Amino acid sequence: MAHAATTHVRVNRSLLARVERQTLLWLAHRLPERMHSDHLTALAVVGTAIASLSFALARLFPVALVGVVAGLALNWFGDSLDGTLARVRRQERPRYGYYVDHVLDVIGATMLMGGMALSGLMTPLVALGVLVAYLLVSAEVFLSTAVGGEFRMSFVRVGPTELRIAISALALVLIQWPAATLPGLGLVLLLDVVGMAAIAGLLTALGVSAVLMGRHLYVAEPRHR
């Protein structure tokens with residue numbers, strides 16, 4: 001019996017998808033044989049932990065935000081390369097890989113937003129809102145993968161890699177400019193502004209994707225009269 005979630009097609013139309021794919025293949029062919037995909041997955045978790053801890057430490061030491069960049073770079077290396085390495089070496093474990101990768105993605109997002117909430121640079125309620133919106137979008141993507149056979153990795157040309165770059169750049173900006181003055185609002189935390197925009201973007205993505213997939217399934221499975 002086929003498992004829909006593990007026989008899906010991965011679709012990545014992000015801005016950096018082509019360059020990233022070529023880079024990952026280049027790296028996969030040059031990694032030492034003793035390193036396998038599970039090592040890379042563990043490395044990705046360590047990277048997330050470093051980024052999250054760096055955000056939390058920024059409350060006391062703003063320069064700790066440099067660690068966010070290092071942590072997310074490490075996370076990209078492990079998280080993006082583990083599947084590529086498995087495919088290059090013909091060592092795929094579809095169900096294991098799909099399950100572990102996405103469980104860790106959800107845990108990683110929770111850790112990262114927790115770090116932001118503890119940083120003093122983002123209101124905890126906004127951080128919670130971003131996390132909830134992310135989890136809702138994740139649930140829709142997982143359900144769409146199961147019923148549609150297509151795993152979407154990007155929305156409006158933005159995927160995980162672009163998000164890592166954006167968060168890294170933002171972390172560096174926050175070292176010097178943790179707050180901004182907005183007309184009519186006065187001084188507000190910069191991460192709160194970004195967080196509210198992220199919530200709006202994620203909920204928009206959720207709504208558009210749910211409507212499109214619902215319409216597709218409605219047409220594919222018409223009601224019998």
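Bear in mind that the values in this text are calculations on the coordinates, not laboratory data. Since the structure is predicted, the reported quantities are computational estimates derived from the model, not experimental observations.
Using only the alpha-carbon atoms of segment 70-225 as identical scatterers, what base-10 log of I(q)/I(0) does the Debye formula give at q = 0.14 Å⁻¹? Debye intensities relative to I(0), on a log10 scale: -0.83.
Whole-percent P(r), segment 154-203, all Cα pairs, 10 Å bins from 0: 22, 48, 26, 4. Diffusion of segment 1-81 by Stokes-Einstein, at 25 °C in a medium of 0.890 mPa s and with Rh set to the Kirkwood radius over alpha-carbon pairs, works out to 167 µm²/s.
Calculated on the Cα set of segment 1-154, radius of gyration then Dmax: 16.7, 54 Å. By the Kirkwood approach, averaging reciprocal distances over each pair of separate Cα atoms, segment 134-220 gets a hydrodynamic radius of 15.1 Å. Based on Cα contacts under 8 Å between residues 6+ apart, segment 33-152 shows a relative contact order of 28 percent.
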